[in-house]
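The values are calculated or read from the model by the stated rules, or taken from the named source; none is laboratory data. What you are looking at is a predicted structure, and each value in this text was computed from that prediction instead of being measured. So basically every Cβ, Gly included, is an ideal-geometry build from the backbone, and we count neighbours across all protein chains shown. Quick note on the areas: whole protein, heavy atoms, side chains included, nothing else; ligands and nucleic acids left out. Shrake-Rupley method; radii C 1.70, N 1.55, O 1.52, S 1.80 Å.
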Amino acid sequence: MTDIVISGTGLYTPQESISNDELVASFNAYVEANNAANAAAIEAGELAPLQPSSAEFIHKASGIKSRYVMNKSGILDPQRMVPSLPERPDDAPSIQCEMAIAAAREAMEQAGKTAADIDAVIVAASNMQRPYPAMAVEIQDALGITGFGFDMNVACSSATFGIQQARDMVAAGSAGCVLMLNPEICSGHLNFRDRDSHFIFGDVCTAVIVERAEQASSAHQYLIVDSVLQTIYSNNIRNNFGFLNRGDESGINQADKLFVQEGRKVFKEVCPAVAKQISTQLDALGIPADQLKRMWLHQANLSMNQLISKRVLGREASPEEAPTILDEYANTSSAGSVIAFHKHRSDFAAGELGVLCSFGAGYSIGSVVLKKV
């Protein structure tokens, strides 16, 4: 089989960041106003009062300390609590296109590629800002890339699924070099008025270049040794927003049109499934777990990553073995594991191994074993 490598990655980080303290101040102001407005119903026992949040609660529950967002003021306005992202004219670059171009240019520079070298563009993310034209085709045009592009969505596993799609395309010969992008504006589908989830997500965009090893010239090459994908149907993470909502007005603006989850069930069911997939994959490849230098895990929750890495390694993982970026970025859906890979690989020597793994709604799990060339 043709050797296929990741030869470059890119990262776009929004300029604005929200700390836990800032987020809590906004949320608690909303809670106080809501409880005051409904004081009579609360006093009569007809309505339960909303409970305040705290920065300590958020950090203990998730490991998150802050998050980058595309718009801070709209989120922190207690009367709005939604990012303010005005629609742009159809002839102007869309916001996801703008994010993706920045990440793509860094990945292309790292890989030593120009637009003429790239044959295909994949945009893999949890939410696209429109159904069509595809975000990938808009980005392809903006970068001056010929060939083809398409969008795909496997929620938090979109990036690893996208890497395998790119690898399969290169292996089949339908493309020699693929640009895979993950523009995640998670703040757009997060309910900032829900105490259990208002702190979870942040915004970001990552980019990955996948190409045949024989044509790669980058100093940052990682051989894709193997990739495994798995999906298991579950309603424990769900978002019911879609174009058919207009067919039933009673559902418009209901909580399920944003991100909803049964967090405890997700933790209990996903962690063992992810650890089993990685361990089974390593066994099939004949790679002992202690040969892994690093695990670039999906950045959803610190406790999840600690449990998964412990089950795979048979011991507690060090911060170097399973690096964390969610304290700064929060959960960025599909981009999280790629951010960890982008920021924590410069110490790799030729022949050293790591696994890039994502997991989330679906359920979906993707694990990619990489070896430094």
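Scanning for something assigned to a strand (DSSP E or B) and surrounded by fewer than 18 Cβ atoms within 10 Å (Cβ to Cβ), does the stretch 194-207 turn up at least one residue?
Here is the first cut: in the stretch 194-207, the residues assigned to a strand (DSSP E or B) are 201, 203-207.
From what's left, surrounded by fewer than 18 Cβ atoms within 10 Å (Cβ to Cβ): none.
No: the stretch 194-207 contains no residue that is assigned to a strand (DSSP E or B) and surrounded by fewer than 18 Cβ atoms within 10 Å (Cβ to Cβ).
Do you know which residues across the stretch 150-169 are more than 19 Å from the chain's Cα centre (by Cα) and either of a type in the set (Asp, Glu) or crowded, with 24+ Cβ neighbours inside 10 Å (or both)?
168
Just checking, which of 57, 27 is modelled with pLDDT of 95 or more, among the hydrophobic types (A, V, I, L, M, F, W, C), open to solvent by less than 40 Å² (accessible area, probe 1.4 Å) and closer than 15 Å to residue 195 by Cα?
Being modelled with pLDDT of 95 or more, among the hydrophobic types (A, V, I, L, M, F, W, C), open to solvent by less than 40 Å² (accessible area, probe 1.4 Å) and closer than 15 Å to residue 195 by Cα holds for just one of 57, 27, which is 27.
Listed residues 78, 83; which is within 21 Å of residue 329 (Cα to Cα), part of a loop (DSSP other than H, G, I, E, B) and not hydrophobic (A, V, I, L, M, F, W, C)?
That would be 83, the only listed residue that is within 21 Å of residue 329 (Cα to Cα), part of a loop (DSSP other than H, G, I, E, B) and not hydrophobic (A, V, I, L, M, F, W, C).
Please work out if residue 71 is polar (S, T, N, Q) and either more than 30 Å from residue 142 (Cα to Cα) or in a strand (DSSP E or B) (or both).
no
Determine, yes or no, whether residue 107 is in a helix (DSSP H, G or I) and not acidic (Asp, Glu).
When the stated conditions are applied, residue 107 passes them.
What pairs come out if I take residues in the stretch 14-29 that are under 14 Å from residue 74 (Cβ atoms) and pair them with residues that are assigned to a helix (DSSP H, G or I) whose C-beta lies under 7 Å away, six or more apart or interchain?
18/75; 18/76; 22/76; 26/76
Which ones in the stretch 249-275 are charged (D, E, K, R) and touching a residue at least 12 places away in the same chain (Cβ under 8 Å)?
256, 257, 262, 265, 269
Quick test of your reading of the structure: residue 175 fulfils all but one of (1) open to solvent by less than 20 Å² (accessible area, probe 1.4 Å); (2) assigned to a loop (DSSP other than H, G, I, E, B); (3) closer than 21 Å to residue 133 by Cα. Name the failing condition by number.
Of everything listed in (1) open to solvent by less than 20 Å² (accessible area, probe 1.4 Å); (2) assigned to a loop (DSSP other than H, G, I, E, B); (3) closer than 21 Å to residue 133 by Cα, residue 175 misses just condition (3).
Could you please give the count of residues in the stretch 1-24 that are modelled with pLDDT of 95 or more, assigned to a loop (DSSP other than H, G, I, E, B) and within 30 Å of residue 369 (Cα to Cα)?
Qualifying residue count, the stretch 1-24: 3.
Within the group 82, 69, which residue is of a type in the set (Val, Ile, Thr), closer than 15 Å to residue 187 by Cα and open to solvent by 60 Å² or more (accessible area, probe 1.4 Å)?
Going through 82, 69 in turn, just one is of a type in the set (Val, Ile, Thr), closer than 15 Å to residue 187 by Cα and open to solvent by 60 Å² or more (accessible area, probe 1.4 Å): 82.
Would you be able to say whether some residue in the stretch 218-229 is surrounded by fewer than 17 Cβ atoms within 10 Å (Cβ to Cβ), free of Cβ contacts under 8 Å to residues at least 12 places away in the same chain, assigned to a helix (DSSP H, G or I) and hydrophobic (A, V, I, L, M, F, W, C)?
For the stretch 218-229, residues surrounded by fewer than 17 Cβ atoms within 10 Å (Cβ to Cβ), free of Cβ contacts under 8 Å to residues at least 12 places away in the same chain, assigned to a helix (DSSP H, G or I) and hydrophobic (A, V, I, L, M, F, W, C): absent.
Tell me, yes or no, whether the stretch 111-118 has at least one residue that is modelled with pLDDT of 95 or more, under 29 Å from residue 199 (Cα atoms) and of a type in the set (Ser, Thr, Tyr).
No, every residue in the stretch 111-118 fails to be modelled with pLDDT of 95 or more, under 29 Å from residue 199 (Cα atoms) and of a type in the set (Ser, Thr, Tyr).
Report, by residue number, each residue of the stretch 271-292 that is open to solvent by less than 60 Å² (accessible area, probe 1.4 Å) and either under 17 Å from residue 319 (Cβ atoms) or part of a helix (DSSP H, G or I) (or both).
Once the filter is applied, which keeps residues that are open to solvent by less than 60 Å² (accessible area, probe 1.4 Å) and either under 17 Å from residue 319 (Cβ atoms) or part of a helix (DSSP H, G or I) (or both), the stretch 271-292 yields 271, 272, 273, 274, 275, 277, 278, 279, 281, 282, 289, 292.
For the stretch 95-113, name all the residues that are open to solvent by 10 Å² or more (accessible area, probe 1.4 Å) and closer than 14 Å to residue 184 by Cβ.
Scanning the stretch 95-113 gives 95, 98, 102.
Which residues, counting only those in the stretch 1-18, are of a type outside the set (Phe, Trp, Tyr), open to solvent by 10 Å² or more (accessible area, probe 1.4 Å) and in contact with a helix residue (DSSP H, G or I) (Cβ under 9 Å, 6 or more places away or on another chain)?
Within the stretch 1-18, 1, 2, 3, 11, 13, 16, 17 qualify.
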